[in-house]
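Q: Let me give you the structure first, and then I'll get to my questions.
Laboratory data are not the source of any read-out in this text; all were calculated from the coordinates shown. No experiment lies behind these values; they were computed from the predicted model shown. For neighbour counting, all protein chains shown are included, and Cβ atoms are generated from backbone atoms with ideal geometry for every residue, glycine included.
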């Protein structure tokens, strides 16, 4: 497809008037854009449902600043996991710092 056709598709995705013309009078839209017969046929046969869905998706992305870089989520998730672990700790019995103490050290073996 030509750069003219690609530019028209981009315009159709973002411009509601051009999108409406794609449905009501695609021949006129193609003629005004200077498309050849093959490109005009492609425009006439375009998947209108897919076009509408893609247009809505692009509009949502533009509204939410899709180009903006999001901070990574893992530091926040790591903080949540650490907080859960801190809350879940069971206090050791009195006189013992670690549940395995007195049972042969770190791995349960007698030394």
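Q: In Å, what is the Rg of the alpha-carbon atoms in the range 1-90, and how long is Dmax?
A: Using the Cα atoms of the range 1-90, the pair Rg, Dmax is 22.6, 76 Å.
Q: Exposure proxy check: 76, 19 ranked by fewest other beta carbons within 10 Å? Before the final figure, lay out the partial values.
A: Working: 76 10, 19 18.
Fewest-to-most Cβ neighbours within 10 Å comes out as 76, 19.
Q: Given points 7 Å out from each Cα along the Cα-Cβ axis, report the residue 73 to residue 59 separation in nanometres with one decimal.
A: Between residue 73 and residue 59, the simple spin-label model gives 2.7 nm.
Q: Residue separation times 0.36 nm, minus the C-alpha to C-alpha distance between residue 7 and residue 42: what's the value?
A: 11.2 nm
Q: Hey, another quick one. What's the extension gain from residue 51 to residue 84 if we count 0.36 nm per residue and subtract their Cα-Cα distance?
A: On the way: separation 33, 0.36 × 33 = 11.88 nm, distance 4.58 nm.
Stretched fully, the residue 51-residue 84 segment lengthens by 7.3 nm.
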